[in-house]
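Below is one structure, written out as structure tokens; the observations come after it.
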Amino acid sequence: MRRARTDTPISLIELIMDLRSRGISDTHILAAIEKIPREDFVETAFSHDAYANRALPIECGQTISQPFVVAYMLMALEVNDRHKVLEVGLGSGYQTAILSHLCRRVYAIERYRTLARLAEARLAALRITNVTVLVGDGMKGWQPQAPFDRIIVSACADETPTALIEQLAVGGIMVIPVGTSGGDQHIFKVRKTETGIEETKLIPVRFVPLVPGTAKQL
Ligand code: SAH
């Protein structure tokens, strides 16, 4: 039987077509995704599924995000090449690699040292030089580098961490999944204004939880 193309893209070009058909229209984002070989970011056992539009398991019991969700969140972020961006939840480094082509500099935090080191090696192999990685608790943000023009969080929070709102520049945008672990979760777009924040609820999603502190397991 012929496989429906939109179900399981098997090549990068099929993935791009799939993303377009799901409403990802931003050509900068599609071009950045096209530059990044997702198979380099997944474990060898999942190489055959690297371009499927699915989250996949990575080391330390975490996941590499679904390409559609990465593209959707980056679209909501309204990011451009003048922006300094904080990313919480580096994971495999896949989203970071795409983001690095869309902004000036990425400051990426990961609570597992193992994941941070693997991601750094992948980014170096792709000659990406505008990413700085920190092993730590992303819920606290990265105070010495604040304020950030944009903040993107790749793990689900119970509520938007106060430190991240504080470290967002006025006029800045944060995109973050908020909800209960394993339950009802939505992407929120948070805009910081002179007088406070404006939140918009976007699509339902399923993310691993944002966990406070640095991981005990490396
Ligand atoms: N965008 C990443 C998604 C990784 S999954 C990718 O495509 O690979 C989310 C990541 O957030 C996990 O690696 C998890 O360890 C990390 N994480 C969870 N809580 C965190 C915290 N408080 N600080 C930093 N990273 C955190």
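Looking across V190, V208, one residue alone is away from the ligand (no atom under 12 Å from the Cβ) and surrounded by 11 or more Cβ atoms within 10 Å (Cβ to Cβ). It is V190. Just a yes or no: is a residue in segment 1-18 closer than 23 Å to T114 by Cβ and free of Cβ contacts under 8 Å to residues at least 24 places away in the same chain? No, because not a single residue in segment 1-18 is closer than 23 Å to T114 by Cβ and free of Cβ contacts under 8 Å to residues at least 24 places away in the same chain. Condition check for G141 on (1) surrounded by fewer than 19 Cβ atoms within 10 Å (Cβ to Cβ); (2) on the phi > 0 side of the Ramachandran plot: one failure, at (1). If I filter segment 43-57 for residues that are modelled with pLDDT of 95 or more, charged (D, E, K, R), within 30 Å of L218 (Cβ to Cβ) and within 13 Å of the ligand (Cβ to nearest atom), do I get at least one hit? Looking through segment 43-57, none of the residues is modelled with pLDDT of 95 or more, charged (D, E, K, R), within 30 Å of L218 (Cβ to Cβ) and within 13 Å of the ligand (Cβ to nearest atom).
Results for (1) over 21 Å from E59 (Cα atoms); (2) small (G, A, S), shown as yes or no for each residue.
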{"position": "K140", "(1), (2)": "yes, no"}
{"position": "S154", "(1), (2)": "no, yes"}
{"position": "L210", "(1), (2)": "no, no"}
{"position": "Q217", "(1), (2)": "no, no"}
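When E78 is tested against (1) of a type in the set (D, E); (2) within 14 Å of the ligand (Cβ to nearest atom); (3) closer than 19 Å to I165 by Cα, exactly one condition is not met: (2).
For segment 81-102, the set of residues classified as more than 12 Å from the ligand (Cβ to nearest atom) and either within 30 Å of T44 (Cβ to Cβ) or in contact (Cβ under 8 Å) with a residue 60 or more places away in the chain (or both) consists of R82, H83, K84, V85, S100, H101, L102, listed by residue number. Can you confirm whether Y72 is among the aromatic types (F, W, Y) and either over 16 Å from M174 (Cα atoms) or away from the ligand (no atom under 13 Å from the Cβ) (or both)? Criteria not met by Y72.
The values are calculated or read from the model by the stated rules, or taken from the named source; none is laboratory data. Quick caveat: nothing in here was measured; it's all calculated off a predicted structure. FYI the Cβ positions are ideal-geometry reconstructions off the backbone, even for glycines, and counts take in every protein chain you see.
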